[in-house]
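A.B. asks: Next up is a structure, given as C-alpha cells.
Where a number appears in this text, it was derived from the coordinates with a stated rule and is not lab data. Quantities reported herein were computed from a predicted structural model and do not represent experimental measurements. FYI the Cβ positions are ideal-geometry reconstructions off the backbone, even for glycines, and counts take in every protein chain you see.
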Amino acid sequence: MKKGLVLEGGAMRGLFSAGVMDVLMEHDIMPDGVIGVSAGAAFGCNMKSRQPGRVLRYNQRLVHDWRYASLRSLLTTGDYFGGEYDYHYVPRHVDYFDVDAFRENPMEFWAVCTNVGTGKALYKQLTEVDDTCLEYIRASASMPVAARIVTVEGKKLLDGGIADSIPLRFFQQQGYGRNLVVLTQPAGFVKEPNRLMPLMRLWLRRHPRVVRALEQRHVMYNEELAYVRAEEAKGDTLVIRPKAKLSIGHISHDPAEMQATYDLGRQAALEQLDAIRRLFAE
C-alpha cells in the first residue's frame, strides 16, 4: 500500500508544514509520494530533494530582500513573491536546490495548480527540475491579485488552492492508501467567503470560470475538511494541524515569527512521531 504526504497551502503558514517535513526527514520517514498545493508545493519539493532546513533558511535569509517578497516587487514585476527571482534564481544561485537528488529519489512529487480557463484543478507530477518544473511550482503558489497568471505548456495557471486545497481524495485515487495530511489551520476552522472577491472579479474578469471557482472556494474547502475528518476516523489517514490559529499571516518579514511557526510544526510532528511511524509501517 502506497503511503502519501498531503500538504495544503497557506503562504507563510506553510512554514508549519516545513517543520513537520524536516522532522520526517531527520527521522528517515519517507512517504512514497508527496502532493503539495501552493506553499505546500513550493516547500514540499524539498522532501524529494532531501534537504531539511532549506525552507526556513532561505526564507529567513531573504526576508528583507525586495526581490524575494515585497510591494516593490508586486509593483515592478506583478508578483509580490518575485516569480523569476524566487523560483529560478534563488534555487540556482542563492540556496541551491539539489536537482540530482530530486531526480534520483523514486518518491513521486505532485504539484496542484488551477487551470484559469476551466476553473478546475490540474495535477502535475514533476520528475525533473527544469524551467518547466519550476514554473509549475510557481503557478501552484501564484495567489490571485498578488501574482500574475503563469503560462506553462500552453496552459494559464494560478494557485492550486482555488480548485483543490487539500487533495487527499486525488492522492487516494492514485493508489495512496495511507496518508499523512498536514493542515495549516487548527481543528474547528471554517473558511468564510473571500472578502476580496470584488477585486478578484475585476482582476479576472476575462476568466469567468476561475472567478466562479473563487466564489465557491470556501464551500469546496469546508467540504474537503469534512472529507479529511471522515477519512481520519477510518484509521488510514493521520492529520497534523496547529493546536491554535497560527499568528503568522500570508506574508511575514519577521525571522523570529518564521522560526516560531516552523518550531510549532516540528513540535506537532514530534508529538505524533510514533503514530506517523505506525501509519507508514510496512
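A.B. asks: Can you give me the Cα centroid spacing of the range 33-97 and the range 102-152 in angstrom?
C.D. replies: 14
A.B. asks: With θ set to phi - 60° and the Karplus curve 6.51 cos²θ - 1.76 cosθ + 1.60, what are the ³J(HN,Hα) couplings of the range 41-49 in order, to the nearest whole Hz, using x for Gly and Pro?
C.D. replies: Once θ is set to phi - 60°, the couplings for the range 41-49 become 7, 4, 8, x, 4, 6, 5, 6, 8 Hz.
A.B. asks: While we're on this one: Checking the a/c ratio against 1.5 first, then a/b against b/c, what shape does the Cα gyration tensor give for the range 124-282? If you can, show how the numbers build up before the last one.
C.D. replies: Numbers: a/c = 1.55, a/b = 1.42, b/c = 1.09.
The shape class here is prolate.
A.B. asks: Say the dipole of the chain comes from +1 at the beta carbon of Lys and Arg and -1 at that of Asp and Glu; which of Asn222, Leu134, Leu5 then lies farthest toward its positive end?
C.D. replies: In the chain, that residue is Asn222.
A.B. asks: Positive end of the charge dipole of the chain (Lys, Arg +1 and Asp, Glu -1 on Cβ, about the Cα centre): tell me which of Gln172, Gly82, Leu157 has its Cα farthest that way.
C.D. replies: Leu157
A.B. asks: Could you give the Stokes-Einstein D for the range 46-180 in µm² per second, using the C-alpha Kirkwood radius, 10 °C, 1.306 mPa s? Show your work: numbers first, answer last.
C.D. replies: Working: Rh = 15.8 Å.
Diffusion coefficient, whole number: 101 µm²/s.
A.B. asks: Relative contact order for the range 60-132: what percent, with Cα pairs under 8 Å and sequence separation of 6 or more?
C.D. replies: Numbers: 66 pairs, mean separation 13.5, N = 73.
About 19 percent, as a whole number.
A.B. asks: Given an 8 Å cut-off on Cα distances and at least 6 residues of separation, report the relative contact order of the range 112-179 as a percent. List each step's numbers first, then the result.
C.D. replies: Working: 91 pairs, mean separation 25.1, N = 68.
Computed value for the range 112-179: 37 percent relative contact order.
A.B. asks: For Glu26 and His250 in the same chain, what is the full-extension length gain: residue separation times 0.36 nm, less their Cα-Cα distance, in nm?
C.D. replies: Stretched out fully, the Glu26 to His250 stretch lengthens by 77.9 nm.
A.B. asks: As a quick test, which of the pairs Lys48/Lys191; Lys2/Lys124; Lys120/Lys191; Lys2/Lys156; Lys48/Lys124; Lys2/Lys234 have an alpha carbon distance above 24 angstrom in this structure? It would help to have the intermediate numbers written out before the result.
C.D. replies: On the way: Lys48/Lys191 30 Å; Lys2/Lys124 18 Å; Lys120/Lys191 19 Å; Lys2/Lys156 31 Å; Lys48/Lys124 15 Å; Lys2/Lys234 17 Å.
Over 24 Å apart, Cα to Cα: Lys48/Lys191; Lys2/Lys156.
A.B. asks: Tell me, what ³J(HN,Hα) does each residue in the range 73-90 have, in order and in whole Hz, if you take phi through Karplus 6.51 cos²θ - 1.76 cosθ + 1.60 with θ = phi - 60° and put x for Gly and Pro?
C.D. replies: So the J values, rounded to whole Hz, are 4, 4, 6, 9, 10, x, 10, 4, 8, x, x, 5, 5, 5, 9, 10, 6, 4.
A.B. asks: Who wins for biggest fluctuation among Ala41, Ala187, Ala139 in a Gaussian network model of the chain, springs between alpha carbons below 10 Å?
C.D. replies: Between Ala41, Ala187, Ala139, it is Ala187 that shows the largest mean-square fluctuation.
A.B. asks: For Lys120 and Leu75 in the same chain, what is the full-extension length gain: residue separation times 0.36 nm, less their Cα-Cα distance, in nm? Mind showing how you got there, number by number?
C.D. replies: Values: separation 45, 0.36 × 45 = 16.20 nm, distance 2.85 nm.
So the extension gain works out to 13.4 nm.
A.B. asks: Taking the Cα centroid of the range 164-207 and of the range 249-273, what is the distance between the two, rounded to the nearest whole Å?
C.D. replies: 21
A.B. asks: Here's a follow-up. By the scheme Lys and Arg +1, Asp and Glu -1, what is the net charge of all other residues having a beta-carbon under 12 Å from that of Leu246?
C.D. replies: +2
A.B. asks: While we're on this one: Which whole-number percent is the relative contact order of the chain (Cα, under 8 Å, 6+ apart)?
C.D. replies: On the way: 558 pairs, mean separation 76.9, N = 282.
The normalised contact order for the chain reaches 27 percent.
A.B. asks: Give me a comma-separated list of calculated 3J(HN,Hα) values for the range 164-173, in order, Karplus coefficients 6.51, -1.76, 1.60 applied at θ = phi - 60°, integers in Hz, x for any Gly or Pro.
C.D. replies: Ordered by residue, 3J(HN,Hα) equals 8, 6, 9, x, 5, 4, 4, 5, 4, 5 Hz.
A.B. asks: Here's a follow-up. Rounded if a/c is under 1.5, else prolate if a/b beats b/c, else oblate: with a ≥ b ≥ c from the C-alpha gyration tensor eigenvalues square-rooted, which is the chain?
C.D. replies: Values: a/c = 1.39, a/b = 1.19, b/c = 1.17.
Note, shape of the chain comes out rounded.
A.B. asks: Rounded, prolate or oblate for the range 1-52? Axes are the square roots of the Cα gyration tensor eigenvalues, ordered a ≥ b ≥ c, and the cut-off for rounded is a/c under 1.5. Please list the in-between numbers first.
C.D. replies: On the way: a/c = 1.96, a/b = 1.32, b/c = 1.48.
Judged from the Cα gyration tensor, the range 1-52 comes out oblate (a/c at least 1.5, b/c at or above a/b).
A.B. asks: A further question on this structure: What distance in nm separates the two pseudo spin-label positions at His64 and Leu196, each 7 Å out from Cα along the beta-carbon direction?
C.D. replies: My value for the distance between the label points is 2.6 nm.
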